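A.B. asks: Have a look at the structure that comes next, please.
Please treat every number below as a calculation from the coordinates, not as lab data. Since the structure is predicted, the reported quantities are computational estimates derived from the model, not experimental observations. Don't worry about glycine lacking a Cβ; one is built from the backbone with ideal geometry, like all the others, and counts go over all protein chains shown.
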Amino acid sequence: MMAAGEPTICEICKRGRVTKRMEEMAFRQWSDKGYIQCRVAILVGTCDNCRVKSLDPGSDKILDEAFRREYDKLP
Ligand SMILES: [Zn+2]
């Protein structure tokens with residue numbers, strides 16, 4: 001874990017600072033039951049210089065779990 005309030009320098013431009021905040025993200029993914037529509041809140045870092053967005057390590061798992069949750073809802 002990174003210390004709170006510690007600025008993260010952007011890896012892309014090496015100049016900007018990355019601000020992390022929770023963002024709601026909608027995505028859909030193909031499965032054998034058709035497209036699954038998912039909506040999750042994940043921590044996204046945005047560079048204040050080049051605007052590159054980066055996902056937190058572990059986001060993949062959150063997205064995966066959201067997908068599985070929606071998938072299980074379907075008959
Ligand atoms: Zn940047």
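A.B. asks: For the stretch 17-47, what are the residues that are surrounded by 14 or more Cβ atoms within 10 Å (Cβ to Cβ) and aliphatic (A, V, I, L, M)?
C.D. replies: Hits for the stretch 17-47 are Val18, Met25, Ile36, Val40, Ile42, Leu43, Val44.
A.B. asks: Filter the stretch 34-56 down to residues that are closer than 30 Å to Pro75 by Cα and of a type in the set (Gly, Ala, Ser) and give me whichever is farthest from the ligand (Cβ to nearest atom). Before the answer, list the steps.
C.D. replies: As a first pass, look at the stretch 34-56 and keep what is closer than 30 Å to Pro75 by Cα: 34-42.
Subsequent filtering for residues that are of a type in the set (Gly, Ala, Ser) retains 34, 41.
Details: Gly34: 38, Ala41: 23 Å.
Looking at residues that are closer than 30 Å to Pro75 by Cα and of a type in the set (Gly, Ala, Ser), I get Gly34.
A.B. asks: Let me ask you something else. Among the residues that make up the stretch 16-32, is at least one of them at positive phi and not basic (Lys, Arg)?
C.D. replies: no
A.B. asks: Between a first residue in the stretch 48-71 that is under 29 Å from Gly16 (Cβ atoms) and a second residue that is within 16 Å of the ligand (Cβ to nearest atom) and in a helix (DSSP H, G or I), which pairs have beta carbons less than 7 Å apart while being 6 or more apart in sequence or on different chains?
C.D. replies: none
A.B. asks: Report yes if some residue within the stretch 24-33 is touching a residue at least 12 places away in the same chain (Cβ under 8 Å), out of contact with any helix residue (DSSP H, G or I) (no Cβ under 9 Å at 6 or more places or on another chain) and either among the polar types (S, T, N, Q) or away from the ligand (no atom under 16 Å from the Cβ) (or both); otherwise report no. Working first, answer last.
C.D. replies: First pass over the stretch 24-33, keeping only residues touching a residue at least 12 places away in the same chain (Cβ under 8 Å): 24-27, 29, 31, 33.
Adding the requirement that they be out of contact with any helix residue (DSSP H, G or I) (no Cβ under 9 Å at 6 or more places or on another chain) leaves 24, 26.
Next, only the ones that are either among the polar types (S, T, N, Q) or away from the ligand (no atom under 16 Å from the Cβ) (or both) stay: 24, 26.
For the stretch 24-33, residues touching a residue at least 12 places away in the same chain (Cβ under 8 Å), out of contact with any helix residue (DSSP H, G or I) (no Cβ under 9 Å at 6 or more places or on another chain) and either among the polar types (S, T, N, Q) or away from the ligand (no atom under 16 Å from the Cβ) (or both): present.
A.B. asks: Could you list, in sequence order, the residues of the stretch 22-75 that are closer than 17 Å to Glu11 by Cβ, in contact with a strand residue (DSSP E or B) (Cβ under 8 Å, 6 or more places away or on another chain) and not acidic (Asp, Glu)?
C.D. replies: If the condition is that a residue be closer than 17 Å to Glu11 by Cβ, in contact with a strand residue (DSSP E or B) (Cβ under 8 Å, 6 or more places away or on another chain) and not acidic (Asp, Glu), then Leu43, Val44, Gly45, Thr46, Cys47, Asn49, Val52, Lys53, Ser54, Leu55, Ser59 are the ones that fit.
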